[in-house]
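**Q** Okay, here's the structure, questions in a sec.
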Amino acid sequence: MNPTVEIAGITFPTCIMNAAGARCVTAEELEAIGNSRSGAIVTKSMTLNARDGNPTPRYVTFPHGSINSMGLPNLGYQAYVDLIPRLKEFKKPVIASIAGFSPAEFLDIATAIDAVKPDLMEINLSCPNIEGHPQIAYDFETAEQLLTRIRNVVNRPMGAKLPPYFDPAHHDHMATILKRCGVNFISVINSIGNGLVINPETDAVIIKPKGGFGGLGGAIIKPVALANVRAFALRFQGHIPIIGVGGIETGQDIYEHLLAGASAVQIGTAFVEEGPQVFVRLEQELTTIVERKGLRSATEAVGRLKEF
Ligand code: RRO
């Protein structure tokens with residue numbers, strides 16, 4: 001089976017990679033991804049200044065899911081400007097995820113990161129965990145203005161990391177914006193923002209920041225992720241590739257993301273829980289399914305979802 005995939009003109013050795021945020025802050029973590037079977041090295045979303053993030057506990061698993069309010073802990077973009085050339089030596093695509101607290105910050109980071117030539121840039125429009133900074137992608141006008149301005153300073157392929165949407169009118173609106181802004185790919189979905197998990201033993205919230213509210217990940221979010229991949233795939237008709245994120249624990253989960261229209265997938269919670277070996281396991285499981293289906297590559301499954 002041919003395991004490679006192409007997104008925005010970049011060839012990936014496999015369609016399975018880490019999601020931004022999961023074990024990808026430090027040089028050591030990013031190098032471990034480089035040394036793994038991950039099909040790319042995706043960085044934590046980087047901000048203008050280094051950040052410690054929110055107080056702990058800030059990432060906790062519960063049955064079939066995770067909740068986090070990390071608060072953008074990262075080394076600050078300058079550290080990644082220095083790191084990215086080294087990461088490119090692993091000979092797999094490097095995806096730089098960027099996040100700002102203002103348009104000016106996004107533009108400064110995007111300009112500096114573009115100059116060190118990551119293979120792709122992922123613009124995070126969907127962090128749910130910073131008080132006073134709503135998820136940008138839920139404000140359609142602001143999102144369009146921001147993407148338009150970033151597009152003007154970025155030469156590398158760039159994409160948007162989107163939150164889940166829950167109404168077809170919102171998928172319509174955002175798809176139209178993304179086409180207008182010249183986005184080269186999208187990654188959907190970020191965590192489902194502002195969930196609340198309660199510990200039945202203690203009657204207490206399970207993470208500290210924001211009174212216990214945080215982004216949901218893991219198996220419980222797969223149907224929402226698949227719906228968003230499918231909704232955008234139907235609207236893009238192959239013109240903008242999609243990286244599916246959300247709820248992937250098995251090769252079958254990946255196969256479902258491909259059927260829904262994802263060209264590649266990113267692994268968050270399962271990577272945090274299992275470590276780099278997760279990429280080996282998932283690749284084996286996906287290969288078994290793709291071969292059983294009689295396909296020559298994972299790419300052949302993309303968008304093949306049947307409807308009644
Ligand atoms: O760092 C975080 O709290 C975080 C980010 Br930036 C994001 O995009 N998604 C998420 O679930 N957590």
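The values are calculated or read from the model by the stated rules, or taken from the named source; none is laboratory data. Computed from a prediction, not measured in an experiment: that's the story for all the values here. Here the Cβ is made from the backbone with ideal geometry for all residues, glycine too, and neighbour counts use every protein chain on show. Keep in mind that these areas ignore ligands, DNA and RNA; they rest on the heavy atoms of the full protein, side chains included. Shrake-Rupley method; radii C 1.70, N 1.55, O 1.52, S 1.80 Å.
**Q** Please build a GNM for the chain, connecting alpha carbons under 10 Å apart, and tell me which residue among 90, 166, 271 fluctuates the most.
**A** 166
**Q** Quick one: pull the percent of accessible area on the chain belonging to carbon and sulfur, 1.4 Å probe, ligands and nucleic acids left out.
**A** Numbers: 6720 of 12860 Å².
Carbon plus sulfur share of accessible area: 52 percent.
**Q** Once you have a ≥ b ≥ c as the square roots of the Cα gyration tensor eigenvalues for the stretch 21-76, tell me rounded if a/c is under 1.5, and otherwise prolate or oblate according to whether a/b is larger than b/c.
**A** Oblate, because a/c is 1.5 or more while a/b does not exceed b/c.
**Q** If I take every Cα pair under 8 Å that is 6 or more residues apart in the chain, average their sequence separation and divide by the length, what percent do I get for the relative contact order? Can you show the working numbers first?
**A** Details: 689 pairs, mean separation 61.4, N = 308.
Normalised by residue count, the contact order of the chain is 20 percent.
**Q** Now for a different question. Out of the trypsin sites (Lys or Arg not before Pro) in the stretch 208-308, which ones are loop residues according to DSSP with at most 14 other C-beta atoms within 10 Å?
**A** On the way: sites: 210, 230, 235, 281, 292, 293, 296, 304, 306; in loops: 293, 296, 304, 306.
Those satisfying the criteria are 293, 296, 304, 306.
**Q** How many times 2.2 N^0.38 Å is the alpha carbon radius of gyration of the stretch 198-308?
**A** On the way: Rg = 16.3 Å, N = 111, 2.2 N^0.38 = 13.2 Å.
Expressed relative to 2.2 N^0.38 Å, the Cα Rg reads 1.24.
**Q** Could you tell me which of rounded, prolate or oblate describes the chain, using a ≥ b ≥ c as the square roots of the eigenvalues of the alpha-carbon gyration tensor, with rounded for a/c under 1.5 and, failing that, prolate when a/b is larger than b/c and oblate otherwise?
**A** Numbers: a/c = 1.23, a/b = 1.09, b/c = 1.12.
It is rounded, given that a/c, with a ≥ b ≥ c, falls under 1.5.
**Q** Given springs between every Cα pair under 10 Å in a Gaussian network model of the chain, which of 197, 188, 42 has the largest fluctuation?
**A** 197
**Q** Moving on to the next point. Compute the orientation-averaged projected area for the stretch 146-190 from the convex hull of its Cα atoms and round it to one decimal in nm².
**A** Details: hull surface 12.4 nm².
Taking a quarter of the hull surface, the average projection is 3.1 nm².
**Q** Right, next: Say the cut-off is 19 Å between C-alpha atoms; which of 44/208; 179/222; 88/117; 117/179; 44/92 go over it? Present the calculation step by step, with values, prior to reporting the outcome.
**A** Values: 44/208 21 Å; 179/222 25 Å; 88/117 9 Å; 117/179 23 Å; 44/92 17 Å.
The answer is 44/208; 179/222; 117/179.
**Q** Run through the stretch 1-109 and list the trypsin sites (Lys or Arg not before Pro) located in a DSSP loop whose Cβ has at most 14 other Cβ atoms within 10 Å. Write out the running numbers ahead of the final one.
**A** Numbers: sites: 23, 37, 44, 51, 58, 86, 88, 91; in loops: 23, 37, 44, 58, 91.
In loop regions of the stretch 1-109 (DSSP not H, G, I, E or B), the sparsely surrounded trypsin sites (Lys or Arg not before Pro) are 91.
**Q** Considering only DSSP beta bridges whose two residues both sit in the chain, what percent are antiparallel, to the nearest 5?
**A** Values: 16 of 41 bridges.
So the antiparallel bridges amount to about 40 percent of the total.
**Q** Continuing with the same structure: Could you tell me whether the stretch 156-255 comes out rounded, prolate or oblate from its Cα gyration tensor? Rule is a ≥ b ≥ c as square roots of the eigenvalues, rounded for a/c under 1.5, then prolate if a/b exceeds b/c, otherwise oblate.
**A** Working: a/c = 2.52, a/b = 1.93, b/c = 1.30.
Prolate, since a/c reaches 1.5 and a/b exceeds b/c.
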